[in-house]
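J.: Provided herewith is a single structure, encoded as C-alpha cells, for subsequent inquiry.
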Amino acid sequence: MSNVRINLLIGGPGTGKSTTLQALNKKGFPCFEEISRQVTLQAQKEGISQLFLKQPLLFSEKLLEGRIQQFKDALSLQKTCFIDRGIPDITAYMDLFNEKYPQKFIDANQNYRYNQVFHFPIWKEIYEQDNERYENFDQALSIDFQLLKTYKELGYTVIEIPKTTIEKRIEFIIKHI
C-alpha cells in the first residue's frame, strides 16, 4: 500500500471541506464526496425530512456501508486520493447524540485506517445552513469537538487546515501529503 495515500477531510458542517475537495479534484486528485447528503436526499424523497433525527441507526448503517465502499474504491485506485468525511465520523455523531450502535461500527473504525486526517475547523464567517444541513452554529461546534475527540482517541494525528482561501488550503494540504 506504499503508493496509496488515502487522505481524509474532517470537520463540523459548513467548514469548506466539500469546496476544498472539488478544488483538489480539479488539480487531478481522485476525490470521494461526502455521502450523507445522498442518504439524506434519498430519505427526503421517501418522506423523511431528516433520517438521522428519525432513525439514527438506520441512517448510520447506510453511511457505514457507503463509507466502507468509498474506502475500498479509494484503495483500489493505487494512488493519492481524498475522501470527504470518514468512517469514524459515524461513531462520533452517534456518541454526540448518545445513540447506541453495534460492534461493527467500532470494528470498522479499526479495520479501515486513513493515512492522513485533515481537520477543517469551525469558521463562523463561512458557515451556512441549507436543506440537508440542519445544524445551527452551536451544534456545529459540538460536532466538531466530538469529531476531533473521536479521531484522536483512535490514534490519528490530526492536521489542522488554516482558515484561509481555497488556494492556500490546497497548497497546505499538498505540502502535507
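The values are calculated or read from the model by the stated rules, or taken from the named source; none is laboratory data. Everything quoted here is computed from the prediction, not taken from an experiment. Don't worry about glycine lacking a Cβ; one is built from the backbone with ideal geometry, like all the others, and counts go over all protein chains shown.
J.: Anything in the stretch 91-124 that is basic (Lys, Arg), more than 17 Å from Ile68 (Cα to Cα) and not in a loop (DSSP other than H, G, I, E, B)? List them, or say none.
T.: Lys124
J.: If you take the residues in the stretch 15-61 that are of a type in the set (Val, Ile, Thr) and outside any helix (DSSP H, G or I), which one is surrounded by the most Cβ atoms within 10 Å (Cβ to Cβ)?
T.: Among those that are of a type in the set (Val, Ile, Thr) and outside any helix (DSSP H, G or I), it is Thr15.
J.: Out of the residues in the stretch 1-14 meeting the condition of being modelled with pLDDT of 85 or more and aliphatic (A, V, I, L, M), tell me which one is surrounded by the fewest Cβ atoms within 10 Å (Cβ to Cβ).
T.: Result: Ile6.
J.: Check whether at least one residue in the stretch 70-85 is modelled with pLDDT of 95 or more, among the acidic types (Asp, Glu) and in a strand (DSSP E or B), and report yes or no.
T.: yes
J.: Residue by residue through the stretch 79-106, note down the ones that are surrounded by fewer than 19 Cβ atoms within 10 Å (Cβ to Cβ) and either without any contact (Cβ under 8 Å) to a residue 24 or more places away in the chain or among the charged types (D, E, K, R) (or both).
T.: Listed by number, the residues that qualify are Lys79, Asp95, Asn98, Glu99, Lys100, Pro102, Gln103, Lys104, Ile106.
J.: From the list Lys72, Lys124, Lys149, which one is in contact (Cβ under 8 Å) with a residue 24 or more places away in the chain and not acidic (Asp, Glu)?
T.: Within the list Lys72, Lys124, Lys149, the selection yields Lys149.
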